[in-house]
Every structure is written in C-alpha cells, then in structure tokens.
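Novice: Before anything else, here's the structure in question.
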Amino acid sequence: LEMVETKSVRHATLFSLGGAAVVAFVLLLLVVPIFGSEFQPAIELGMILLPGATAVGIAVVLSSTIAGRGKPVYSLYSALVVTPVTLVLYAWLIPWLDATGIASCLGKFANPYWSVMPGESGRRQTRC
C-alpha cells in the first residue's frame with residue numbers, strides 16, 4: 001500500500017511540475033502574440049498563481065492519502081485554520097496591491113495542506 005501511495009505522489013509531482021512548465025511556456029511566449037499587448041498584465045498574475053496551482057495538484061494526492069489512512073478530519077482542520085487567514089489577507093492585500101494582492105494570496109494560501117501541515121508530506125505514517 002505504501003508503495004502505491006509513494007508512486008501516486010511521485011507521479012502527481014512530476015505531472016504537476018511538467019504542467020507548470022508548459023503553462024509558464026504558454027504564458028511567456030504565446031499570450032501576447034495570440035491575445036495582444038492588452039493581456040501583458042495577465043502574464044505576471046499567471047506566474048504568481050503558478051506555484052500555488054502546482055502545489056494544489058500535489059496536495060490533492062497527499063490529502064487523499066491521508067484520508068485513505070483513516071484521517072479525513074485533518075483536511076477539515078487545515079481548512080478551518082487556513083480559511084480565516086486567507087480572508088484576512090484578502091481584505092488587507094487587495095486594496096493595497098489590487099490584482100497582484102489577490103493572486104499572491106491565492107498562490108500561497110489557497111492550499112491548506114502546504115500551509116498548515118508542511119511536515120506531513122515528508123513524514124512516513126503508519127496505519128492506526
């Protein structure tokens with residue numbers, strides 16, 4: 001069972017990083033030629049969102065692994081901690097930084113697993 005979990009996390013990581021590289025390539029080289037110079041600001045915002053979106057792809061698999069080991073309540077706990085922090089950051093950063101503020105909030109705090117339980121991803125767990 002642990003081998004399957006390890007492989008699934010490894011594959012999710014590889015696909016997420018590969019997808020992020022493709023999206024970065026599209027953002028940098030194709031957005032302006034296809035959509036025009038009016039969409040230049042979208043490149044910066046997309047690059048800010050890209051690490052968070054990549055982490056979400058990996059975290060979904062890690063969260064499923066934790067739920068599959070009989071601890072689905074951890075997802076609830078992390079959401080209860082991260083959601084208020086994210087809302088406060090939205091209220092603080094959006095008026096100050098406009099679209100860049102919300103993109104930085106989403107990129108860093110939209111992923112409860114990485115925000116609240118960073119040690120869980122590297123720690124081996126045993127079945128209870």
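Novice: Of the numbered conditions (1) farther than 29 Å from ALA79 by Cβ; (2) surrounded by fewer than 15 Cβ atoms within 10 Å (Cβ to Cβ), HIS11 fails exactly one; give the number of that condition.
Specialist: (1)
Novice: What are the residues in the range 2-32 that are over 20 Å from LEU45 (Cβ atoms) and among the aliphatic types (A, V, I, L, M), if any? Before you say what the answer is, go through the steps one by one.
Specialist: Looking only at the range 2-32, we keep the residues that are over 20 Å from LEU45 (Cβ atoms), and these are 2-15, 17-18.
Once the filter is applied, which keeps residues that are over 20 Å from LEU45 (Cβ atoms) and among the aliphatic types (A, V, I, L, M), the range 2-32 yields MET3, VAL4, VAL9, ALA12, LEU14, LEU17.
Novice: Please find, among ALA20, ALA79, ALA59, the residue that is open to solvent by less than 40 Å² (accessible area, probe 1.4 Å) and either of a type outside the set (A, V, I, L, M) or modelled with pLDDT of 85 or more (or both).
Specialist: Details: ALA79 fails: either of a type outside the set (A, V, I, L, M) or modelled with pLDDT of 85 or more (or both); ALA59 fails: either of a type outside the set (A, V, I, L, M) or modelled with pLDDT of 85 or more (or both).
Being open to solvent by less than 40 Å² (accessible area, probe 1.4 Å) and either of a type outside the set (A, V, I, L, M) or modelled with pLDDT of 85 or more (or both) holds for just one of ALA20, ALA79, ALA59, which is ALA20.
The values are calculated or read from the model by the stated rules, or taken from the named source; none is laboratory data. All figures in this text were calculated on a predicted structure; none of them were measured in a lab. For neighbour counting, all protein chains shown are included, and Cβ atoms are generated from backbone atoms with ideal geometry for every residue, glycine included. For the accessible areas, the whole protein counts, side chains as well, though only heavy atoms, and no ligand, DNA or RNA atoms are used. Shrake-Rupley method; radii C 1.70, N 1.55, O 1.52, S 1.80 Å.
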